1. As I understand it, the dipole of segment 235-465 uses +1 on the Cβ of Lys and Arg and -1 on the Cβ of Asp and Glu, about the Cα centre. Which of 372, 392, 460 lies farthest toward its positive end?
2. Can you compute the FRET efficiency between residue 278 and residue 173 using 1/(1 + (r/R0)^6), with r the Cβ-Cβ distance and R0 = 45 Å? Round to the nearest 0.05.
3. Based on alpha-carbon centroids, what's the gap between segment 241-298 and segment 300-345 in Å, whole number please?
4. Any idea what % of Cα-Cα pairs in segment 138-185 are farther than 16 Å?
5. Can you tell me the FRET efficiency between residue 364 and residue 428 if r is taken as the Cβ-Cβ distance and R0 is 22 Å, rounded to the nearest 0.05?
6. Residue 358: net charge of surrounding residues, Cβ under 14 Å, Lys/Arg +1, Asp/Glu -1, itself excluded?
7. So if I place +1 on the C-beta of Lys and Arg and -1 on the C-beta of Asp and Glu, and nothing else carries charge, what would the dipole magnitude of the chain be about its Cα centre? I want it in debye, nearest 20.
8. Helix 347-356 sits at what angle to the longest principal axis of the chain, using alpha carbons and giving 0 to 90 degrees rounded to 10?
Amino acid sequence: MPRSSDAVLSQVLTVAQMRAAEEDLIAAGTSVDALMQAAGRGAGEWVRRIAGGGSVTVLCGPGNNGGDGWVIAEYLREHGNSVQVVQAREPATEAARNAKALYGGAVVSADSVTTRDVFVDCLFGSGLTRALPDDLYDMLCGLAGRHRHRIAIDVPSGIDSDSGVALNADLPHWTLTVALGAWKHAHFAMPACAAMGATRLVDIGVTAVPGAARVLHRPRIPAPAADAHKYRRGMLGLVAGEMPGAGLLSATAALRAGAGYLKMAAKLAPAGVPPELVVTTDVDAMLADARVSALLVGPGLGRSDEAARLLARTLHAGRPTVIDADALVLLRPAMLTGAPCVLTPHEGETAALERAFGLSGQGLRRERAGALAEATRAVVVLKGPDTVIAGPGGEMVVSPRASSWLSVAGTGDVLAGTIASRLATNGQALRAAEEGLWLHGEAARLCGPAFTAGELAHAVQAALKECLE
Ligand SMILES: NC(=O)C1=CN([C@@H]2O[C@H](COP(=O)(O)OP(=O)(O)OC[C@H]3O[C@@H](n4cnc5c(N)ncnc54)[C@H](OP(=O)(O)O)[C@@H]3O)[C@@H](O)[C@H]2O)[C@@H](O)CC1
Ligand SMILES: Nc1ncnc2c1ncn2[C@@H]1O[C@H](COP(=O)(O)OP(=O)(O)O)[C@@H](O)[C@H]1O
Ligand SMILES: [K+]
């Protein structure tokens, strides 16, 4: 089987898209049984690596996820592991029945399983549509509790694949989750993603699905050209408001994310301005300066009428702009000019934007981000533990879960400054949002525990170092 490209392996599919992709493979001459063998053996290899030579219990349900379980069990048996299958239900698909027929090892009752090394969950995968009935829920949790390591295959049982919603309360936590064929939305959506442990993907030759979401990846960022100068590298204009301290945090990050020149327009020059940051009190001159390649407005802006007028003047300049914090609450449809913009709302700011732009606020986070991007014609970075980026052309990028230590005041200002610096450098809203979000997440990882927003802003430089072409 040829290895899929990185672009194909980074797509994130709904259940319907996955089924369509599977149909394409079948139409091209691959059998369901062959796909199941490829998926099961690939997953079996991950199980073998975790188990070492240890003992394994595989729980098999009625569908094709159960079928994968029978393949995994046989793969481990062939490799000399002590393996046993608990059959929760008889296989109900032909491919699962065929996989079971090829298994030559032990089948035991759930009650007979004592403490063992690795538990493999093949009860249900992406086909689960309703909560687990009590008997299967008890079996799943009981077995999971009697094993040192727990591996979920494709999608953990009890999780809705398209949303990441838990259909039962108190589901097990996993050591590893092995996605089959393609990532599913549950792998990146709360609450499911928080319980999945490490995640790995098994390639079974799925091809590109038009319109699919994709996973945020480490960007490739070029060093400045040999003949670069500070303006050509990108000049970022920061529009400060009533509380310029928040803007200073954004500036601290922006200075380390690639822009060549940073200027802040503030009514009063704030204390503690780093010497690299040029401060002006003439906001109109800064907005009219043709060398300014991007603007950032929002951090510390305030929500007064004067702040709203300043926002309107800023957007009227028609430059690529990052709109964050208070500016998101003040934003109205008439203020947008069609220039490339990035909006960076958290949940509360998203609700305010939905009201301002006449949106229902219904649906999954990614759907709400998509609706907002369409209505504003801007790139929307909907922040939280499961941040998503939506583009006005229907683009959707989901982010692997970042450090929960980011839940500290000021990290949003750092994100806005990082994205704005990238926007000043490359002028492309979606690309800048992706680069900025990745740098922010990586900076948090590098900082470890209990960092301040200021320390995070400094770590953006170390994150950037990892992206150089
Ligand atoms: N697509 C691909 O390319 C590949 C897919 N592969 C694998 O297939 C998996 C998807 O398989 P799947 O569609 O058979 O779904 P799965 O999750 O095994 O179970 C569905 C069955 O469970 C039943 N059922 C549902 N809810 C229930 C409940 N609460 N309680 C009780 N029963 C319930 C439901 O019955 P029904 O709702 O029809 O009554 C149906 O019979 C996927 O995750 C991956 O592992 C790989 O092999 C390689 C290639
Ligand atoms: N539990 C969490 N896990 C991962 N990232 C988080 C978590 N909580 C917050 N974040 C991230 O931290 C940042 C917080 O931004 P924001 O809510 O604007 O805070 P502030 O206004 O204090 O700067 C966002 O990038 C968000 O995605
Ligand atoms: K599973």
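1. The residue sitting most towards the positive pole is 392.
2. 0.35
3. What the calculation gives is 15 Å, centre to centre.
4. On the way: 439 of 1128 pairs.
Result for the distance tail: 39 percent.
5. Working: r = 26 Å, r/R0 = 1.19.
Here the calculated transfer efficiency is 0.25.
6. Residues close to residue 358 contribute a combined charge of +1.
7. For this selection, approximately 880 debye.
8. Roughly 60 degrees between the two axes.
Read-outs throughout are calculated quantities, based only on the coordinates presented, and are distinct from any laboratory measurement. Small disclaimer: the values here were computed from a predicted structure and weren't measured. Cβ atoms come from the backbone with ideal geometry, glycine included; neighbour counts cover every protein chain shown.
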